[in-house]
Amino acid sequence: MKIRGYRATSGMKRTRVRVAWQRKRLRDLLQNPFDFRLKLIAMSILSPVIPIVTGLLASYGLLAPSRAFVCYMAGALLGMVVLTTVASRFIDRHYSEFKPAKFIGLGLLGLATYFAHGQGAIEINAIFEVDASSLPKATAAASALVLAQWANSALIPLLFASGALVLYNMAKSRPGDAAISFAICMSSCLWAGLIHYQAEPDPTRKSNLYQIAVALDFNKRSTCAGVPKDAEGVVFVGPEQRRAIVAPRLTELHSSSNSIFKEVEVPEKFDKVECT
């Protein structure tokens with residue numbers, strides 16, 4: 001009887017332990033249904049799927065160019081999230097002891113931003129022939145384009161490296177790693193293409209900066225004398241703000257119904273008017 005009671009007690013204890021363990025697993029599963037790797041793989045799958053589906057819908061005219069561009073950029077940004085996540089975990093795992101290197105990296109990034117801002121100010125001054133401080137938003141955009149051009153030098157090698165990793169992981173039967181590599185490859189391709197066509201060609205870059213300045217920096221209303229009725233706006237210059245440059249009406253050089261981007265004529269000289 002004692003042996004039977006002992007066996008029964010032991011069996012009940014094992015059952016209780018097993019039930020408690022299963023409940024804990026179920027509770028953990030409900031609180032965190034997907035672990036980190038599954039989340040990363042899911043984002044890696046969505047990143048290329050969004051641009052591919054967007055391209056198919058846009059080709060049949062089912063998606064407007066503006067919405068298609070937003071979807072393309074959403075996929076590209078999701079790919080960048082995957083890339084930065086993989087890079088940060090790799091650095092934390094292998095280089096967490098090298099704390100001075102992090103400070104040096106942040107310092108180099110700040111230095112690059114400083115020089116990019118200076119280069120952007122030079123470009124704004126060359127286009128409008130005024131101090132860049134009069135056009136702060138266009139100067140910020142010019143700085144971002146300069147940084148994008150510099151980053152493109154790293155995106156192209158990353159594109160080829162991630163493409164090689166896709167083939168390597170497929171050969172090793174690692175579908176999860178292959179999906180992550182393909183997401184990085186697709187995102188790098190999208191960003192490199194956007195920078196190549198919208199930031200690197202000199203006429204296109206100037207056209208984009210001019211349109212940004214007209215939209216964000218130029219004042220649509222003023223009390224200045226001699227401003228044409230069809231002018232896009234004015235920007236006040238000088239310490240007393242009694243003079244302004246006038247942006248004439250935008251003249252499109254190239255535009256397409258299948259794209260949100262257009263190229264406009266950038267004036268060689270801007271008329272100056274007196275303001276009261």
Q) Using modelled amide H (1.01 Å from N, peptide plane; none on Pro or chain starts), what sits under 5 Å from the amide H of residue 233, excluding residues fewer than 5 places away? A) 247
Q) So what J values fall out for region 114-124 if you push phi through Karplus, 6.51 cos²θ - 1.76 cosθ + 1.60 with θ = phi - 60°, rounded to Hz, Gly and Pro as x? A) 5, 5, 5, 5, x, 5, x, 5, 4, 5, 5
Q: Mind sorting out which of (1) 0.92; (2) 1.52; (3) 1.08 is the real Cα Rg over 2.2 N^0.38 Å computed from the coordinates?
A: (2)
Q | Accessible area per residue in Å² at 1.4 Å probe, computed on region 152-276 | A | 60 Å²
Q.
For a test of the definition: using alpha carbon positions, the gyration tensor, and the 1.5 limit on a/c, classify region 155-276 as rounded, prolate or oblate.
A. prolate
Q. What angle do you read, to the nearest 10 degrees and between 0 and 90, between the alpha-carbon axis of helix 202-216 and the longest principal axis of the chain?
A. 90 degrees
Q: State, as an integer percentage, the relative contact order of region 134-276 based on alpha-carbon contacts under 8 Å between residues 6 or more apart.
A: 21 percent
Q. Over all directions, what mean area does the Cα convex hull of region 77-127 project, stated in square nanometres?
A. 4.8 nm²
Q) Taking a probe of 1.4 angstrom, what is the accessible area of residue 170 in Å², to the nearest 10? A) 130 Å²
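I need the shape label for region 47-116. Rule: rounded when a/c is under 1.5, else prolate if a/b > b/c, else oblate, with a, b, c from the alpha carbon gyration tensor. Before the final figure, lay out each step's value.
Working: a/c = 7.21, a/b = 2.22, b/c = 3.25.
Oblate, because a/c is 1.5 or more while a/b does not exceed b/c.
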Q) Mean residue ellipticity at 222 nm from the helices of the chain, using -39,500 (n - 2.57) per DSSP H segment of n ≥ 4 over the full residue count, to the nearest 500 deg cm²/dmol? A) -24500 deg cm²/dmol
Q: Normalising by the residue count of region 137-221, find the relative contact order in percent from Cα pairs under 8 Å and 6+ residues apart.
A: 42 percent
Q | Cα long-axis angle, helix 2-31 against the chain (0 to 90 degrees, to the nearest 10) | A | 10 degrees
Q: Mind running the shape call on region 72-194? Use the C-alpha gyration tensor, a ≥ b ≥ c as the square roots of the eigenvalues: rounded below 1.5 for a/c, prolate if a/b tops b/c, oblate otherwise.
A: oblate
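The values are calculated or read from the model by the stated rules, or taken from the named source; none is laboratory data. None of the values given here were measured: they were computed from a predicted structure. These accessible areas exclude ligands, DNA and RNA; they are computed on the full protein's heavy atoms, side chains included. Shrake-Rupley method; radii C 1.70, N 1.55, O 1.52, S 1.80 Å.
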